[in-house]
Amino acid sequence: YQVFVPPPKCLQKTFVAPQRHMFGPGPSNVPPRILAAGAEPIIGHMHPEMLEIMSDIKSGIQYAFQTRNNMTIAVSGTGHTAMECAIFNAVEPGEGVLTAVNGIWGERAAEMAERIGARVNSIVTSAGGYFTNEEIDQALTKHKPVLFFLTHGESSTGVVHPLDGIGDICHKHNCLCLVDCVASMGGVPLYMDKQGIDILYSGSQKVLNAPPGTAPISFSERACQKVFNRKTKPVSFFLDMTWLANYWGCDGKPARIYHHTAPVSAFYSLRESLAILAEQGLENSWQRHKEVAEYFHEGLETMGLKLFVKDKNARLPTVTTIVAPPGYDWKEITSYIMKNHNLEISGGLGPSVGQVLRVGLMGGNSSKASVDMVLEALRDALRYCHKSKV
Ligand code: GLV
């Protein structure tokens, strides 16, 4: 045979990934035990051992979400995939969706709902803020949506949104309550069933410390009633819950039908990360993230830095937002820290761009030793980065 495009020279180099302290908003560092699980031999995605792994993952997600929902699976994809899975399955074209926007994720949910022809309204508050239950109640009365979207851990602004009572308010309005817990799950108390959340999704790459690429999601009985009684098919075949429910053995049917080829290694890693969370205990993980975040926040304030979220109770323990130090270029700070400390912290995202530095201390990275490392790196950066005269 003859080929016309030669083999690329770049692929002749051996690839070795650098070791870094992953203290941005995600992905977080993956501990050796989870990496090793992902390096186990590949088996078929419908082999009995794989089906058992999927069943273990389902139990692990039920624990992490504090739910007994049967319809609990991991989507093959990142948090965005789960976000689309939730919206695409719960909403039909022409139906109303209300999104709470206090950062980037509410904006993204609105965009996804618009793309499938939903009637989208948003309530918007400034970056760093959140909504009262009364404001949500009023907006639901006004817009009468079938789905309300809220972000529990707003990683772009560093806010943890209160959840108590919101599920009940949604149900009073005959509306499903959809919550994004990508940045909060495992790091902040969260009770899917008790809090009346109808659809909840997360991601593997934050507190779970698994590689990016799998996303836990769960649907309440009320959500299932809506999802499985649609008049139209969801726009996405890949994310159609009728297929996925069967694929994950949640539909009660004896036979599993091939839907897609599961990311086998990613499921091994996800299972291991959920096993670690179960071993450590969710309550202990919540407590550790809280204590470490408080220690970090004290250290930042002692250095003279300011926290972006003024209300102490609304500070997300997993992702801290620091007011971008006045007079400095935030990009110079993050680059300096990467270059000199081999440590990732990040700038703002969406509405917080230019306003903040973001530090994520999630899962195994949530420790006082990590905090000390970040504080030292910041101290060093503020000493050596260029400061304009303001
Ligand atoms: C991603 O989740 C981010 O907050 O940057």
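Just so it is clear, none of the values below were taken in a lab; they were calculated from the coordinates. In this text the structure is predicted, and so the values were computed from the model without any measurement. Because the Cβ atoms are built from the backbone with ideal geometry, glycine has one as well, and the counts that use them run over all protein chains shown.
For the pair the range 1-49 and the range 252-272, the centres of their Cα atoms are 19 angstrom apart.
Under the rule of -39500 (n - 2.57) per DSSP H run of 4 or more residues, summed and divided by the residues of the chain, what mean residue ellipticity at 222 nm is obtained, to the nearest 500 deg cm²/dmol?
Working: 12 runs with 148 residues, N = 390.
-12000 deg cm²/dmol, from helical runs alone.
Only Lys, Arg, Asp and Glu count, each charged at its Cβ (+1, +1, -1, -1), so figure out the dipole size of the range 231-309 about its Cα centre, rounded to 20 debye. Could you put the intermediate results ahead of the total?
Details: 8 positive and 9 negative charges, 123 e Å.
Here the range 231-309 has a charge dipole of around 600 debye.
Projecting the Cα positions of 112, 280, 65 onto the charge dipole of the chain (unit charges on Cβ atoms of Lys, Arg, Asp and Glu, taken about the Cα centre) puts 112 furthest along the positive direction. Note on the range 140-283: dipole from Cβ charges, positive end direction compared against 162, 208, 250; the farthest Cα belongs to 250.
Across the range 106-248, counting alpha-carbon atoms alone, Rg and Dmax equal 15.1, 42 Å. When you filter the trypsin sites (Lys or Arg not before Pro) in the range 26-114 for DSSP loop state and at most 12 other Cβ atoms inside 10 Å of their Cβ, you are left with 68. Ellipsoid fit via the Cα gyration tensor, the range 241-349: semi-axes of 41, 19, 14 Å, each the root of five times an eigenvalue, largest first.
The largest-to-smallest principal axis extents of the Cα set in the chain are 66, 65, 48 Å.
Cross-linked pairs 310/368; 206/290; 142/172; 290/331: Cα-Cα separations exceed 18 Å for 310/368; 290/331.
Placing unit charges on the Cβ atoms only, positive for Lys and Arg and negative for Asp and Glu, gives the chain a dipole magnitude near 700 debye about its Cα centre. Highest average first, the peptides 367-378, 193-204 ordered by how many other beta carbon atoms sit within 10 Å of their residues are 193-204, 367-378. Per-residue extension of 0.36 nm, minus the Cα-Cα distance of residue 306 and residue 16, leaves a gain of 100.6 nm for this segment.
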